[in-house]
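Take a look at the structure below.
The values are calculated or read from the model by the stated rules, or taken from the named source; none is laboratory data. Owing to the predicted nature of the structure, the values given are computational and were not obtained by experimental measurement. Here the Cβ is made from the backbone with ideal geometry for all residues, glycine too, and neighbour counts use every protein chain on show. What goes into the accessible areas is simple: the full protein's heavy atoms, side chains included, and nothing from ligands, DNA or RNA. Shrake-Rupley method; radii C 1.70, N 1.55, O 1.52, S 1.80 Å.
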Amino acid sequence: MEEANQSVVFEFIILGLCDSWELQDFLLVIFSSLYLITILGNIFIVIIIITNLHLHSPMYFLLANLSFIDFCLSSVTTPKMITDFLKENKTISFGGCMCQIFFGHFFGGGEMVLLVSMAYDRYVAICKPLHYSSIMNRYMCIGLVMTSWITGFVHSASQLIMIAKLPFCGPRELDSFFCDIPLVIKLACIDTYILEMLINVDSGVLATICFILLLSSYSHILFTVCLHSKGGASKALSTCTAHIIVVVFFFGPCIFIYLWPVSISWVDKFLAVFYAVITPLLNPAIYTLRNKEIKNAIKRLVC
């Protein structure tokens, strides 16, 4: 009788960002505009880099891949969130939920490794300028990008394998606007303490290794430039500020969502929005506004 009374969950109820219809109408306009700008901005950067011969260098090759990943990352959850603003009953199928989790971690994990690759590119350019062309050759660039995609896939697949077979028999409400592991795993019908630890270790190892490599790269850049040039610190910061800003914006929410959860609903939702919606928008804006060569390429295209 106990098994008969349990019902298998085929879909989850999404509570969304708020209950007010007036506020949802306002957020519909805001997030639709942000998503459109994000998509157009990232596609525009990719096209600019592909079509402009002056930008055919390792740094811009990696930047084009970052814009493509941001385009994909923003498309995992934002369209669903936008359409849900128009619905009274917000639901997502079990398969759709698993897809959001897989692709969110796939593109997110890939972006972590790609940011490390971009830091390594700046390290070689500033600390070993005479060997830059030989180290950052075509094969190295392709290898770095392939490593980011493969790492993202392995990370995401390992996360999905651990939760896809969990029994879900109710409750089925997700207090967010998309499916993510910390929320979904709480709805399982069994004790998931050990599984949560394994998932945190999986995410934590990748994020920690990437963050340490990033800190090491930029610290070495600062040290090298300060050692060999007057006013080197300001010059190094001017060169790498855009990268550092992106790293802070990307890893900040990740730390609080996956490694150091605050368990406060509105804070979790704010960080999730920042990670899924704002960060993919800020990346092209930061790199475009702070990069003279891209701005010159845009001027030549417009003129």
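Count, please, the residues in the range 96-132 that happen to be of a type in the set (A, V, I, L, M, F, W, C) and not in a helix (DSSP H, G or I).
Residues meeting the conditions: 0.
What are the pairs, 6+ residues apart or on separate chains, where a residue within the range 4-21 that is over 23 Å from residue 164 (Cα atoms) has its Cβ under 9 Å from a residue that is of a type in the set (Val, Ile, Thr) and modelled with pLDDT of 85 or more?
17/273
Under 6 Å by Cβ, and 6 or more places apart or on different chains, what pairs join a residue from the range 274-303 that is under 16 Å from residue 43 (Cα atoms) and surrounded by fewer than 16 Cβ atoms within 10 Å (Cβ to Cβ) with one that is of a type in the set (A, V, I, L, M, F, W, C) and modelled with pLDDT of 80 or more?
none
Just a yes or no: is a residue in the range 79-91 of a type outside the set (Val, Ile, Thr), in a helix (DSSP H, G or I), surrounded by fewer than 18 Cβ atoms within 10 Å (Cβ to Cβ) and out of contact with any His (no Cβ under 8 Å at 6 or more places or on another chain)?
yes
Just one of (1) in contact (Cβ under 8 Å) with a residue 40 or more places away in the chain; (2) assigned to a helix (DSSP H, G or I); (3) open to solvent by 80 Å² or more (accessible area, probe 1.4 Å) trips up residue 50, so point out which.
Evaluating residue 50 over (1) in contact (Cβ under 8 Å) with a residue 40 or more places away in the chain; (2) assigned to a helix (DSSP H, G or I); (3) open to solvent by 80 Å² or more (accessible area, probe 1.4 Å) leaves (1) as the failure.
List every residue pair whose Cβ atoms lie under 8 Å apart, where the two residues are 6 or more positions apart in sequence or sit on different chains, the first residue falls within the range 185-206 and is under 20 Å from residue 97 (Cβ atoms) and touching a residue at least 60 places away in the same chain (Cβ under 8 Å), and the second residue, located anywhere, is open to solvent by 60 Å² or more (accessible area, probe 1.4 Å) and assigned to a loop (DSSP other than H, G, I, E, B).
187/171; 187/172; 189/6
Residue-by-condition table, conditions (1) surrounded by 22 or more Cβ atoms within 10 Å (Cβ to Cβ); (2) not hydrophobic (A, V, I, L, M, F, W, C):
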{"residue": "96", "(1), (2)": "no, yes"}
{"residue": "115", "(1), (2)": "yes, no"}
{"residue": "118", "(1), (2)": "yes, no"}
{"residue": "147", "(1), (2)": "no, yes"}
{"residue": "150", "(1), (2)": "no, no"}
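When you check residue 19 against the structure, is it within 30 Å of residue 171 (Cβ to Cβ), open to solvent by 20 Å² or more (accessible area, probe 1.4 Å) and in a helix (DSSP H, G or I), yes or no?
The answer is no for residue 19.
Assess whether residue 277 counts as being under 18 Å from the mean Cα position of the chain (by Cα), modelled with pLDDT of 85 or more, within 29 Å of residue 18 (Cβ to Cβ) and part of a helix (DSSP H, G or I).
yes
What are the residues in the range 173-220 that are part of a helix (DSSP H, G or I), open to solvent by 20 Å² or more (accessible area, probe 1.4 Å) and either of a type in the set (Val, Ile, Thr) or touching a strand residue (DSSP E or B) at 6+ places or on another chain (Cβ under 7 Å) (or both), if any?
183, 194, 201, 205, 208, 209, 212
Out of the residues in the range 133-142 that are over 16 Å from residue 115 (Cβ atoms) and assigned to a helix (DSSP H, G or I), state the one that is least open to solvent (accessible area, probe 1.4 Å).
The selected residue is 135.
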